[in-house]
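Report on the structure given below.
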Amino acid sequence: MLKNIPSILTPELLKTLMEMGHGDELVIGDGNFPAASHAQKLIRCDGHGVPILLDAILKLFPLDRFVECPVALMAVVDDTDDTEPPIWNTYREIIKNHEPVNNAIKCEERFAFYERAKKAYAIIATGETALYANVILKKGVIEG
């Protein structure tokens with residue numbers, strides 16, 4: 001065990017976060033996301049939800065401040081329903097808690113999100129049951 005490392009972060013996930021460089025992207029996929037068929041590198045976190053993983057990851061992972069939106073969500077497919085998935089508010093709170101300034105989020109159309117995910121450094125497969133709970137994080141730099 002290590003001090004100050006969230007216990008939900010597996011050794012494989014910690015290694016992956018360390019390997020990633022500025023501009024690399026990490027996808028955290030919900031239980032419905034086709035992670036295995038899209039991943040260059042797949043990390044299984046079955047049984048865990050996205051919010052707890054997002055919070056733990058952002059304790060260590062800087063978001064890219066050189067892009068307009070370092071976070072992307074998968075847009076809702078049904079354009080007749082303008083209701084936002086409730087989990088998105090949870091994400092906003094978590095992201096703002098870790099990145100008070102650099103926290104812009106954009107929505108990507110479903111198939112554009114899939115294409116971006118295929119190019120990501122890694123995809124984390126979770127057991128999240130909320131719909132539209134997929135998120136992409138673009139890694140930034142540590143300054144100082």
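The values are calculated or read from the model by the stated rules, or taken from the named source; none is laboratory data. This one's a predicted model, so the numbers in the text were calculated from it and none came from an experiment. We place every Cβ from the backbone using ideal geometry, glycine too, and count neighbours over all the protein chains shown. These accessible areas exclude ligands, DNA and RNA; they are computed on the full protein's heavy atoms, side chains included. Shrake-Rupley method; radii C 1.70, N 1.55, O 1.52, S 1.80 Å.
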Legend entry - Solvent exposure of the chain as accessible area per residue, Å², 1.4 Å probe: 54
Legend entry - Residue-count net charge about I8 - beta-carbon cut-off 14 Å; Lys, Arg +1, Asp, Glu -1: -2
Legend entry - DSSP-defined beta bridges in the chain - what % are antiparallel, rounded to 5: 40
Inset, instruction - Under 19 Å from a label point 7 Å along Cα→Cβ of M18: give me every residue in the range 51-69 with its amide N that close. - result: 56-62
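Work out the P(r) tail for the range 6-99: percent of alpha carbon pairs separated by more than 15 Å, whole number.
Details: 2900 of 4371 pairs.
Tail of P(r) above 15 Å: 66 percent of Cα pairs.
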Legend entry - Pairwise centroid distance, computed over Cα atoms, of the range 68-144 with the range 6-60, Å: 13
Inset, instruction - Summarise the accessible area of the range 47-137 (1.4 Å probe, protein heavy atoms) by the percent that is carbon and sulfur. - result: 52
Inset, instruction - Kindly state, to the nearest 0.05, the FRET efficiency for D78 paired with I8, given R0 = 41 Å and r defined as their beta-carbon distance. - result: 0.80
Inset, instruction - State the answer as a single residue: which of Y121, L13, M1 lies farthest towards the positive end of the charge dipole of the range 1-139, with beta carbon charges of +1 for Lys and Arg and -1 for Asp and Glu, about the Cα centre. - result: M1
Inset, instruction - Restricting things to alpha carbons, find the Rg to Rh ratio for the range 54-124 using the Kirkwood radius for Rh. - result: 0.97
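Show me the ranking of peptides 129-136, 90-97 by mean Cβ neighbours inside 10 Å, starting with the highest.
Values: 129-136: 20.8, 90-97: 16.2.
Ranking, from highest mean packing down: 129-136, 90-97.
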